[in-house]
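Each remark here refers to the structure printed beneath this line.
The values are calculated or read from the model by the stated rules, or taken from the named source; none is laboratory data. All figures in this text were calculated on a predicted structure; none of them were measured in a lab. Cβ coordinates were reconstructed from backbone atoms using ideal geometry, including for glycine residues, and neighbour counts include every protein chain displayed.
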Amino acid sequence: MQDAAVDVSVYLLADVPTAPSLAVLTPGELRRAEALSTEDNRLGFRAAHTLLRLAVADRVGVPPTQLTIDFACARCSEQHGPPRILAGPGAGMGLSLTRSSGLIAVALLAPEAAGREVRVGIDIDRVDAVGFGGFDEVALSPAESAALAPGDLPARATLWARKEAVAKALGSGLRRDPRQIEVLSADGCGRGEAVVGGRRVAWCDVPLGRAGFAAAAAVCGSAAGTGIRVTLSDAATLF
Ligand SMILES: CC(C)(COP(=O)(O)OP(=O)(O)OC[C@H]1O[C@@H](n2cnc3c(N)ncnc32)[C@H](O)[C@@H]1OP(=O)(O)O)[C@@H](O)C(=O)NCCC(=O)NCCS
């Protein structure tokens, strides 16, 4: 790992609070939460968006109520896209969030990395979510599919988390065909670089220490070629 590696802070929340403080969420976020179909999803959404603000506030050193986070979708402008801070405290900081079956993670780029025009992506996936027929055909490149043993779900979930983290760092999400995002780790070291549509994206696995889940982080931008250094912390202390 080179010294110039991009620092990514990952805050992991393993126990979703049943009544997180909602004071920091916008009316639009509360409406998005209410529209979700299950109480678990509603709680998870509120907790994830609250954590996003608590993590940025902790990093920047301002109260979370002073942050304005924009979620404009690049495709339709609705507030369901990637989080960004356009102005005020934390402006330009790289942000990403993910939720999966009770686990929530937020990734932030260190302030000095944000100035290097890099974007971040974080993703957590359940291993059993990739166990459906036809996964390889829709998700993997031919080389990736050939490299994995048939039925090896943990390996497939690992690749899927890397692909989604890369897709988030690109900002396209899964509008980009995941088969075009190649994330095999040649030497099994759990980190690498994808070149997608001419853009370089560095990725690395994030060891959560939770059985049944895979997670990865990615950075895209001018400094992506220098690799990623992830610091994982317990987000429970922020609530
Ligand atoms: C982003 C995406 C890969 C995440 O899928 P997922 O694994 O089901 O969900 P996760 O919990 O890991 O991540 C969801 C978060 O990704 C972020 N996100 C959404 N779109 C994003 C994008 N294009 N790039 C980066 N991050 C994005 C949001 O913060 C979202 O959280 P929220 O819904 O609570 O606001 C997938 O939902 C996707 O590709 N969405 C975009 C599709 C799109 O652009 N459709 C056009 C709509 S008009």
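One residue stands out in the stretch 169-180 among those that are in a loop (DSSP other than H, G, I, E, B) and in contact with a strand residue (DSSP E or B) (Cβ under 7 Å, 6 or more places away or on another chain): the one that is farthest from the ligand (Cβ to nearest atom), namely 176.
Using the structure shown, decide if residue 48 is touching a Pro at 6+ places or on another chain (Cβ under 6 Å), buried (at least 16 other Cβ atoms within 10 Å of the Cβ) and not in a strand (DSSP E or B). For residue 48, the condition - touching a Pro at 6+ places or on another chain (Cβ under 6 Å), buried (at least 16 other Cβ atoms within 10 Å of the Cβ) and not in a strand (DSSP E or B) - is not met. Residues satisfying the criterion are absent from the stretch 149-166 (criterion: in contact with a Leu (Cβ under 6 Å, 6 or more places away or on another chain) and at pLDDT below 95). Looking only at residues in the stretch 51-69 that are within 19 Å of the chain's Cα centre (by Cα) and away from the ligand (no atom under 11 Å from the Cβ), the one that is nearest to residue 234 (Cα to Cα) is 55. Output the residues belonging to the stretch 212-223 that are at pLDDT below 95 and either more than 11 Å from the ligand (Cβ to nearest atom) or surrounded by fewer than 20 Cβ atoms within 10 Å (Cβ to Cβ) (or both). Scanning the stretch 212-223 gives 219, 221, 222, 223. Among residues of the stretch 1-25 that are closer than 24 Å to residue 210 by Cβ and at pLDDT 70 or above, those with a Cβ under 8 angstrom from a residue that is among the basic types (Lys, Arg) and surrounded by 14 or more Cβ atoms within 10 Å (Cβ to Cβ), sequence gap 6+ or separate chain, pair up as 7/229; 8/229; 9/59; 14/210. When the stretch 93-116 is limited to residues that are more than 16 Å from the ligand (Cβ to nearest atom) and surrounded by fewer than 21 Cβ atoms within 10 Å (Cβ to Cβ), the one that is modelled with the lowest pLDDT turns out to be 115. Comparison of 166, 183, 201 shows that the only residue that is in contact with a Gly (Cβ under 9 Å, 6 or more places away or on another chain), within 13 Å of the ligand (Cβ to nearest atom) and either outside any helix (DSSP H, G or I) or over 27 Å from residue 56 (Cα atoms) (or both) is 201.
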